[in-house]
Amino acid sequence: MASPITTERIGQDDVRRLPDHDRDLDHAREVVLRQGVDPEAVLVALGRFSLAAPSWALGTGGTRFGRFAGGGEPRCIEEKVDDVATLNALTGANRTISLHVPWDDPDDPAALRAYVTGCGLGFDCMNSNTFQDNPSTTREGEISYKFGSLCHTDPAVRRAAIEHNRHVVEVGEKLGSKALLVWLADGTNHPGQASFRRQFERTLESLREIYAALPEDWRIFTEHKPYEPAFYSTVNADWGTSLLLALGMGERAACIVDLGHHLPNTNIEQVVSRLAAVKRLGGFHFNDAKYGDDDLTVGSIHPYQLFLVFSTLLEHGDGSLPQIAYMIDQSNNCKDPLEDLIQATTNAQVALAQALCLNRPALEEAQSRNDAALAEELLHQAFRTDVRPLTAEARRRNGAALDPLAMFRAAGYRRAMIKARGESSTATGL
């Protein structure tokens, strides 16, 4: 079914909003110039920014207690691609898809790649899954990941997990991806259940075998998490362990930072700085959290922290974003999935724009003089700048919508999908 959101319709909606937008944009430019920043440079950087959309976030999420699916959810990978294409048409900043296998394991990768290319999209990182038993990887119940995968005491279980990751890479090669992301649920729930040392050693040995089988132009990313589903210990519990695993594999191994995968009050921007300093920052899973790995909308709980993360990235990139993986990883059981992704993307655009509005030379001068008050004042000056006219203009220049959420609702996309896909359709992989 053709999407009700077309370039022509977006253009018509933008024309209606242009008088107010132009007035707001002129004011924003003046403010940014007074802060010693070139607004055109901000717009150019915003126009280049792109966040990969995760294939698992296009359906309604859930909790341990239940899932309340919404109507019109994508029933196959191609329909997920259609949704991401619509998302990108609205934001101009979701140009790739991060695919999860086996939740989304294409029967014909070449055909899927052609379909995605035809939609003006590409593939970002491939995500493996050994945190649950799947018939395709656990031989119809012959083995189980209940007590771990790459760290398991049983060589047969470790072999199945390794082969699954190699399969994901093979699929990714056919899709045009260039990276594998490995998040492990491996750990323990009880003291004494397993040896910390031997679990780590087996995991590293397994990862080295996966690394050795990577195509020469591929990278592998390890993702840490302190708890859940294991609550006493997790094999890859923190950024230091993740770094040890990456260093133990080789130069093409790096670390993913998920904003929700840290203990309360962790200084995440400092973690980012440390990994970037040793050239082992592979990328991000952007989301937000109040209590733990809540997978809430990007920038919805800690917008200042998100701003500081982008500011840290720009410092390490000498004013530009480093060429790493930027991906959304969130799951909402209350919002429309696409509305949630729209808000995540626009919130990330705002945080990046605020970071770009920071007068970095002035900040460095204040830091060199140990002027803590002025340094903080400069940060707040950038953070409190209303950059929404700049982010809207960056979208407009990319052919996207000045107001993506309003455009999505006005076009009736979800109603159209309910009509086409059904009232009770459930997204694959959830």
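The values are calculated or read from the model by the stated rules, or taken from the named source; none is laboratory data. This is a predicted model, so every value here is computed, not measured. Cβ: placed from backbone, ideal geometry, glycine included. Neighbour counts: every protein chain shown.
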Given the residues ARG48, ARG23, ARG29, which is the only one that is among the charged types (D, E, K, R), surrounded by fewer than 16 Cβ atoms within 10 Å (Cβ to Cβ) and more than 24 Å from the chain's Cα centre (by Cα)? ARG23
Please enumerate the residues belonging to region 241-253 that are over 15 Å from GLU201 (Cα atoms), surrounded by fewer than 18 Cβ atoms within 10 Å (Cβ to Cβ) and not charged (D, E, K, R). GLY250
Spot the failing condition for LEU87; the list is (1) within 30 Å of THR6 (Cα to Cα); (2) out of contact with any Ser or Thr (no Cβ under 6 Å at 6 or more places or on another chain); (3) outside any helix (DSSP H, G or I), and only one is missed. (3)
If we ask which residues in region 90-117 are touching a residue at least 60 places away in the same chain (Cβ under 8 Å), farther than 28 Å from GLY11 by Cα and in a helix (DSSP H, G or I), their number turns out to be 4
With (1) in a helix (DSSP H, G or I); (2) under 22 Å from ARG280 (Cβ atoms); (3) not hydrophobic (A, V, I, L, M, F, W, C) as the list, and GLY319 as the residue in question, which single condition is left unmet? (1)
Failed item in (1) assigned to a loop (DSSP other than H, G, I, E, B); (2) surrounded by 14 or more Cβ atoms within 10 Å (Cβ to Cβ), with GLY120 passing the rest: (2)
Considering residues of region 239-257 that are touching a residue at least 24 places away in the same chain (Cβ under 8 Å) and in a loop (DSSP other than H, G, I, E, B) only, the residue farthest from SER195 (Cα to Cα): ARG252
Name the one entry in GLN343, GLN323, GLN330 that is farther than 29 Å from THR60 by Cβ and under 16 Å from the mean Cα position of the chain (by Cα). GLN323
Exactly one condition in (1) within 19 Å of ARG158 (Cα to Cα); (2) over 19 Å from the mean Cα position of the chain (by Cα) is not met by PRO215; state its number. (1)
Within region 174-187, is even one residue at pLDDT 95 or above, of a type in the set (A, V, I, L, M) and part of a loop (DSSP other than H, G, I, E, B)? yes
Return a yes/no flag: does region 377-388 have any residue that is surrounded by fewer than 20 Cβ atoms within 10 Å (Cβ to Cβ), over 30 Å from ASP14 (Cβ atoms) and either among the small types (Gly, Ala, Ser) or touching a Lys or Arg at 6+ places or on another chain (Cβ under 6 Å) (or both). no
How many of the residues making up region 19-41 are within 14 Å of PHE383 (Cα to Cα) and of a type in the set (A, V, I, L, M)? 4
Which residue out of ARG197, ARG158, ARG166 is more than 18 Å from the chain's Cα centre (by Cα), in a helix (DSSP H, G or I) and closer than 17 Å to LYS146 by Cα? ARG158
Residues satisfying the stated conditions in region 360-374, i.e. crowded, with 18+ Cβ neighbours inside 10 Å and either within 30 Å of the chain's Cα centre (by Cα) or among the charged types (D, E, K, R) (or both): ARG360, LEU363
Please pick out the residue among ASP13, ASP20, ASP38 that is of a type in the set (Asp, Glu), out of contact with any Ser or Thr (no Cβ under 8 Å at 6 or more places or on another chain) and under 16 Å from GLY399 (Cβ atoms). ASP13
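Residue-by-condition table, conditions (1) of a type in the set (Asp, Glu); (2) surrounded by fewer than 20 Cβ atoms within 10 Å (Cβ to Cβ):
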residue	(1), (2)
GLU393	yes, no
ASN398	no, yes
ALA411	no, no
ALA420	no, yes
GLU423	yes, yes
